[in-house]
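Report on the following structure.
The values are calculated or read from the model by the stated rules, or taken from the named source; none is laboratory data. Computed from a predicted structure; not experimentally measured. Here Cβ is always computed from backbone atoms with ideal geometry, including for glycine, and neighbour counts include all displayed protein chains.
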Amino acid sequence: MTSVEVEIRGKKITLETGLMAKQSDGAVVARCGDTIVLATAVAAKTPREGLDFFPLTIDYLEKAYSAGKIPGGFFKRESKPSEKEVLTSRLIDRPMRPLFPKGFYCETQGIVSVLSYGDENVADILGILSMSAAVHISDIPFDGPVGGVRVGMINGELIANPTLAEMAELELNLVVAGTADAVIMVEGGGAEISEAKMLEAIDFAHAEIRKMVAVQNEFRAKVGKEKRVVPPVVENVDLKREVEQFIADKMPEAISIPDKMRRQQALNVILEDAVKLLNTPENAQRFFGKPDRDMKREIANAFDDYEQQLVRTMILRDGVRADGRKPDEIRPITCYTKLLPRVHGSALFVRGETQALVATTLGTADDEQKIDALEGESYKNFMLHYNFPPFSVGEVKPLRSPGRREIGHGALAERSIKYVMPTKEQFPYTVRIVSDILESNGSSSMATVCGATLSLMDAGVPIKAPVAGIAMGLIQEGEQVVVLTDILGLEDHLGDMDFKVAGTEAGITAFQMDCKIGGISRQVLETAIEQARKGRMHILGKIKEAMPAVSEQLSPFAPRIYTMQIKPEKIREVIGSGGKVIREIVAQTGCKIDIEDSGIVRIASADGISAQKAIDIINGIVAEAELNKIYTGKVVRVADFGAFVEIMPGTDGLLHISQISEKRIAKVTDEINVGDEIQVKVIEIDGQGRIRLSRKDVLREQKAQE
């Protein structure tokens, strides 16, 4: 077994190989404290016939046994990946994917398995490091390695790889990955972080990443296998030249059509004409020496290459984009609210040819989502779900459960909004947002953020501030660099970077960056962040025009939740033996009642009258006797020395025989009997909570008033 070590924030991280999974092309065990992950990488020896893209799959798997747990559910075994596993799989995949060489088309699979889970909170970070190391020491071609680090901020101070205990205090939670030379991926968010602080955090992370890259290079020097030779991508230059000659005078006009569907239709016609003209037996014999060869794929590839070259040249040379905009120009924005009458809050956000229909639903504590994770059970009272139906891009596909992309986009939008959501004490509702993308041509996830803000405000949710999001792109050729604001789908596909920023006027709440090249420079990153800030301010202005303030009233169809505080020691009285009392309250009022251990009681009702009835009943149960206050009570027991009177449910006081009447009486029953309702005054509450009552004082006061 061979191992190397690196220290991050005073904690030792060890990479080992040679003990586990020795039949894989590369296997690395990464350890930090009690957290251990195993990463394996395997690539097929030959590509599948006709494959002209790189089929990479990376999965992150959490084993319940790693935290000493047995999975829930009927089957008691791990099954469908959790949302966290899907998001972490993407986190590992994204910084590595751009670093595999062009022309390597062998199917490649990476699996990261969590074998032991400790409080260090680094399983996902170890996943990035170990998977990169597994590929780096294998024979799989790779232009890495990459490192990854989580950056947190507490009281303005940046820290690397915060622990589970520190996570709740973080003002910034950012995962950064990259090579020694450049940052490739950023994913995270914060409580309205300034652009300057975000750049500082990325720089801070890159310093730690360089340590991880260095230790992986040391590892490869010890145990690395010889890399496979990737055959150069051979293009038929003559065929490519003829395709370009045919389409050169037709494509500029087609590519400049602003409307996405019309533009794509025009391009499809040009491609079809090129295939009809050039895909002949004579040309197949001339170009490939095989008259029966079908050249559709080669013609389509040449067509795509020319389209990419043309779009990028228009932007770099002329500063003009496919839809005619300037690089920093944002498409027209229209905002609609209150569209759906029975929905608690709704909005339609339209930016160019992207539409997000966003609905907000308010629920009670019963609607919270239970999360069963390795770090323990928790509950979410804020959720955002994103749907991308095929009709949004004019396609026909079977409807399935949400894919990785939909889960990732939903998580990004949720992170963008969660930092401005009110606390449970301020707004005791469970909030679910659903974004249905009705049309897509460029960053539907950021349209979701904008639509979610409008929808929440329409629902009457008292958010801290409106949030807007914007997607940025990059075209880079050597020293020529153009940053694009509000990118189209075409620019996302043909560009070098996908960069999303969401936030308020005060700062950034979510940040995501992916590079399709080997990373970007600090200067380009700084330019993109500043350009994104200006774009965000423009969109926030449009949101405020449509919704100047949060709705003052909730929808009539939303539940009403009232909050009251009782003493924790009174909880058992409200619940009753076996829940008898609280069930009776629910039956009488029709309300939902939730009681927390702290004594906070939340009463949910469709109308205020029922809720007030429940409040009155609970107040009656938990009320405590007040000195000198007069109560109407019921005699529950009689003794020689006096009577016991119930002045409130569950609260009795002693009415001594001397306090029953103004005159002297021989027996208690001469004046009162069990079951009688009488007025009494609290004249003493001793240190043990025992109550002494007087009927005599009440009678005197009544006489005085007469």
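In the set (1) surrounded by 15 or more Cβ atoms within 10 Å (Cβ to Cβ); (2) closer than 30 Å to V680 by Cα, V601 fails one condition alone, (2). Kindly evaluate V146 against the criterion of being of a type outside the set (F, W, Y), under 24 Å from the mean Cα position of the chain (by Cα), crowded, with 23+ Cβ neighbours inside 10 Å and at negative phi. Considered against the rule, which asks whether it is of a type outside the set (F, W, Y), under 24 Å from the mean Cα position of the chain (by Cα), crowded, with 23+ Cβ neighbours inside 10 Å and at negative phi, V146 comes out as no. A single entry from K250, K260, K227, K222 fulfils the requirement of being surrounded by 15 or more Cβ atoms within 10 Å (Cβ to Cβ) and touching a residue at least 40 places away in the same chain (Cβ under 8 Å): K260. Residues of region 400-427 that are of a type in the set (S, T, N, Q) and either out of contact with any helix residue (DSSP H, G or I) (no Cβ under 9 Å at 6 or more places or on another chain) or not in a helix (DSSP H, G or I) (or both): S401, T423, Q426. The residues listed here are L399, L454, L412; of these, the one that is over 20 Å from K84 (Cα atoms), at pLDDT 95 or above and not charged (D, E, K, R) is L454.
For every residue, the table says whether it meets (1) touching a Gly at 6+ places or on another chain (Cβ under 9 Å); (2) surrounded by 21 or more Cβ atoms within 10 Å (Cβ to Cβ); (3) in contact (Cβ under 8 Å) with a residue 24 or more places away in the chain.
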site: F104; (1), (2), (3): no, no, yes
site: G118; (1), (2), (3): yes, no, yes
site: N121; (1), (2), (3): no, yes, yes
site: I125; (1), (2), (3): yes, yes, yes
site: S132; (1), (2), (3): yes, yes, yes
site: S138; (1), (2), (3): yes, yes, yes
site: L158; (1), (2), (3): yes, no, yes
site: L174; (1), (2), (3): yes, yes, yes
site: M185; (1), (2), (3): yes, yes, yes
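Residue-level check: of (1) crowded, with 17+ Cβ neighbours inside 10 Å; (2) under 14 Å from G599 (Cα atoms), P568 misses just (1). Residues in region 353-403 that are among the charged types (D, E, K, R) and touching an Asp or Glu at 6+ places or on another chain (Cβ under 9 Å): E353, D366, K370, E375, K380.
Of all residues in region 1-55, exactly one satisfies the criterion of being in contact with a Gly (Cβ under 7 Å, 6 or more places away or on another chain) and closer than 30 Å to D304 by Cβ, namely A41. Evaluate the following for A347: is it among the small types (G, A, S) and at pLDDT 95 or above? Yes; evaluated as a whole, the condition is true for this residue. Restricting attention to region 66-87 and to residues that are among the hydroxyl-bearing types (S, T, Y) and either in contact (Cβ under 8 Å) with a residue 24 or more places away in the chain or closer than 22 Å to E120 by Cβ (or both), the residue that is surrounded by the most Cβ atoms within 10 Å (Cβ to Cβ) turns out to be S66.
The set of residues in region 377-399 being without any contact (Cβ under 8 Å) to a residue 60 or more places away in the chain and assigned to a strand (DSSP E or B) consists of E377, S378, Y379, K380, F382, M383, H385, N387. Filtered by the rule that a residue be part of a strand (DSSP E or B) and either modelled with pLDDT under 95 or not β-branched (V, I, T) (or both), region 431-449 gives R432, S435, D436, L438, E439.
Any residue in region 467-481 that is closer than 26 Å to A447 by Cα sitting within a Cβ distance under 8 Å of a residue that is among the small types (G, A, S) and surrounded by fewer than 24 Cβ atoms within 10 Å (Cβ to Cβ)? List the pairs, counting only those 6 or more apart or interchain. Listed pairs, sorted by first residue: I470/G535; A471/G442; M472/A528; M472/G535; L474/A528.
The set of residues in region 576-629 being basic (K, R) and assigned to a helix (DSSP H, G or I) consists of K580, R583, K613. Taking the criterion of being among the hydrophobic types (A, V, I, L, M, F, W, C) and either within 14 Å of P98 (Cα to Cα) or touching a Phe, Trp or Tyr at 6+ places or on another chain (Cβ under 8 Å) (or both), the residues of region 141-152 that qualify are F142, V146, V151. Out of all the residues in region 99-109, is one or more in contact with a Ser or Thr (Cβ under 8 Å, 6 or more places away or on another chain), more than 24 Å from K45 (Cα to Cα), assigned by TED's automatic domain parsing to the domain that holds E83 and among the aliphatic types (A, V, I, L, M)? Among the residues of region 99-109, not one is in contact with a Ser or Thr (Cβ under 8 Å, 6 or more places away or on another chain), more than 24 Å from K45 (Cα to Cα), assigned by TED's automatic domain parsing to the domain that holds E83 and among the aliphatic types (A, V, I, L, M), which makes the answer no. Which one is farthest from the chain's Cα centre (by Cα) among residues in region 193-226 that are part of a helix (DSSP H, G or I) and among the β-branched types (V, I, T)? Restricting to residues being part of a helix (DSSP H, G or I) and among the β-branched types (V, I, T), the top hit is V223. Comparison of R664, R700, R692 shows that the only residue that is more than 60 Å from the chain's Cα centre (by Cα), of a type in the set (K, R) and either crowded, with 17+ Cβ neighbours inside 10 Å or assigned to a loop (DSSP other than H, G, I, E, B) (or both) is R664. Scanning region 482-495 for residues that are touching a strand residue (DSSP E or B) at 6+ places or on another chain (Cβ under 7 Å), not in a loop (DSSP other than H, G, I, E, B) and not polar (S, T, N, Q) gives V482, V483, L484, E491, D492. Against the definition (modelled with pLDDT of 95 or more, more than 27 Å from the chain's Cα centre (by Cα), within 27 Å of A221 (Cβ to Cβ) and assigned by TED's automatic domain parsing to the domain that holds V122), how does A39 come out, yes or no? No: the conditions fail for A39. Taken over region 102-124, the residue count meeting the criterion of being part of a loop (DSSP other than H, G, I, E, B) and not charged (D, E, K, R) is 8.
Any residue in region 515-536 that is part of a strand (DSSP E or B) and over 30 Å from E624 (Cα atoms)? For region 515-536, residues part of a strand (DSSP E or B) and over 30 Å from E624 (Cα atoms): present. When region 496-510 is filtered for residues that are part of a strand (DSSP E or B) and farther than 8 Å from E192 by Cα, the ones remaining, listed by number, are M497, D498, F499, K500, V501, A502, A510.
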